[in-house]
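The values are calculated or read from the model by the stated rules, or taken from the named source; none is laboratory data. This is a predicted model, so every value here is computed, not measured. Here the Cβ positions follow ideal geometry from the backbone for every residue, glycine too, while neighbour counts run over all protein chains shown. When the accessible area is computed, the model is the full protein with side chains, heavy atoms only, and any ligands, DNA or RNA have been set aside. Shrake-Rupley method; radii C 1.70, N 1.55, O 1.52, S 1.80 Å.
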Amino acid sequence: MGRMSRRGFAAAAAVGLSGLATAGLAVAAEVSGGGGADAPARRARTGALRGMWLATVANRDWPSKPGLTAAQQRTELLAHLDTAARRRLNAVIFQVRPTADALWPSPYEPWAQCLTGVQGRAPGWDPLGTAVKEAHARGLELHAWFNPYRVANHTDPAKLVASHPARRHPDWVVPYGGKLYYNPGLPEVRAFVQDAMLDAVKKYAVDAVHWDDYFYPYPVAGQVFDDDAAYAAHGGPFPDRAAWRRDNIDRLVLETAARIRRIRPGTKFGISPFGVWRNAVTDPLGSDTRAGVQTYDDLHADTRKWVRENWIDYICPQLYWNIGFTAADYAKLIPWWAQVARGSGTELYVGEALYKAGDPAQPAAWQDPAELSRHLTLAKGYPQVRGHVFFSAKEVAADRVGAMARVVADHYQQPARHSR
């Protein structure tokens, strides 16, 4: 999950046009034929989703620092799973590919730097394999969380391990906003990142593949994402660059969905985007918001279409604002997303900003331990909302002002039901 989406809005959005190239329609037909239509029936048997994100990028939640022994890492990981079970949750969304590296032995990408402090150095155990086994033993679903395009939180390829694919294929990489990204406009990149992510699906009985809010990067004032060469080579059929970029992301979603179903039928595919598709002032189909970022225009991610056309099993928009927040009111976004999900076959979960509760830098609403509980109470009025996911594991454990305890007391009095 990106810091920009959690810590505020970016600069004003640009307006673009939607588009899906004809070549992608065959895949769309394959996906929508199965789609997520069986997911509501599964969840109806198992109860609503109660999840938490477990972030590994920059050692956000786990491991607490790089370089711990394998035994120490394992102990910390199991403690997070125990916390989820104790809080009566039923799912953990575990970040296993934070920066084009892996938390399992991958033939495609190096071991993640967050484990040992040295990218490519084996940690001496299998974190993802352990997480799947131990989550299931506790009655928890394990959703494997991947970031498709982020390569590094810096712009120096020399800092990557020598064997890193980004060093072997420097033409795949774009520096932007102080970070390195794979270029979504290259078909070879799209194929590679799918192979790298789906290797985990082949090897482990994960309950879902999960993406967060990073597609094309969040806008950075005064900078340009340099995909000129890729656009010149592949953008011919499109009316403008924005339509071409959206098609690149559409293809990634469609192709990944189809491949998941072939590799491990029954594994879900979910996406947790930034919470505003488009503002109503930009598009009458948009939400009554005035957000500085719109996923359709800025990240080139047509999240509404993915739901309406049943390309994914679940959507979990990051509604990281309090009730009554002027630019993006939680109370206005819940009904908007419920309407989008209605009749689609795509389950709607809501991403909740537990990390804001008790943070003195946040508005007054977040100093009230009852704010998040009110979110769940409001959402109960919309049957399309089938669960909530809390960002993130560190706050679920620490619970700075008791907001999570209040959620559990008010809404999770009964043990979670689960699918295993």
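Once you have a ≥ b ≥ c as the square roots of the Cα gyration tensor eigenvalues for the stretch 189-260, tell me rounded if a/c is under 1.5, and otherwise prolate or oblate according to whether a/b is larger than b/c.
Prolate is the answer for the stretch 189-260, as a/c is 1.5 or above and a/b outweighs b/c.
Students often check this: by mean Cβ neighbours within 10 Å, which of 287-295, 269-277 ranks highest, and how do the rest follow?
The most tightly packed comes first, giving 269-277, 287-295.
Less than 17 Å from a label point 7 Å out along the Cα-to-Cβ axis of VAL161: which backbone N atoms in the stretch 70-103 qualify, by residue?
70, 96-103
Nothing charged except the Cβ atoms of Lys and Arg (+1) and of Asp and Glu (-1): what's the magnitude of the dipole of the stretch 103-162 about its Cα centre? Round to the nearest 20 debye.
80
Hey, can you grab everything whose amide H is under 5 Å from the amide H of GLU141? Only 5+ residues off in sequence or another chain; H modelled, so Pro and N-termini drop out.
For GLU141, whose amide H was placed from the backbone, the distant partners under 5 Å are ALA91, VAL92.
ARG417 accessible area, nearest 10 Å², 1.4 Å probe?
Spelled out: ARG417, probe radius 1.4 Å, area about 130 Å².
Please tell me the relative contact order of the chain in percent, rounded to the nearest whole number, where contacts are Cα pairs under 8 Å and at least six residues apart.
21
Ignoring ligands, DNA and RNA, what percent of the accessible area of the stretch 125-227 is carbon or sulfur (1.4 Å)?
Ligands and nucleic acids excluded, carbon and sulfur give 53 percent.
Using +1 at the C-beta of Lys and Arg and -1 at the C-beta of Asp and Glu, which of CYS114, ALA257, VAL385 has the Cα lying farthest in the positive direction of the dipole of the chain?
VAL385
Let me spell out the model: positive unit charges on the Cβ of Lys and Arg, negative unit charges on the Cβ of Asp and Glu, origin at the Cα centre of the chain. What dipole size does that give, in debye rounded to 20?
1100
To the nearest 500 deg cm²/dmol, what mean residue ellipticity at 222 nm is calculated for the chain from DSSP H runs of n ≥ 4 alone, each contributing -39,500 (n - 2.57), summed and divided by the residues?
-10500 deg cm²/dmol
Would you calculate the separation in nanometres between label points at ARG400 and ASP288, each defined as 7 Å from the Cα along the Cα-to-beta-carbon direction?
Spacing of the two 7 Å Cα→Cβ label points: 3.0 nm.
Hey, what do the phi angles of the stretch 404-413 turn into as Karplus ³J(HN,Hα) couplings, whole Hz, using 6.51/-1.76/1.60 and θ = phi - 60°, x for Gly and Pro?
Per-residue couplings from phi come out as 5, 4, 5, 4, 4, 5, 7, 10, 10, 5 Hz.
Given a 1.4 Å probe and every protein chain left where it sits, what share in percent of the accessible area of the stretch 310-420 is carbon and sulfur?
On the stretch 310-420, the fraction of accessible area on carbon and sulfur atoms equals 53 percent.
For ALA152, what residues show an amide H to amide H distance below 5 Å, using hydrogens built from the backbone and excluding near sequence neighbours?
The list, which skips near neighbours in sequence, is LEU180.
At 1.4 Å probe radius, can you tell me the per residue accessible area of the stretch 165-302 in Å²?
Solvent-accessible surface per residue comes out at 33 Å².
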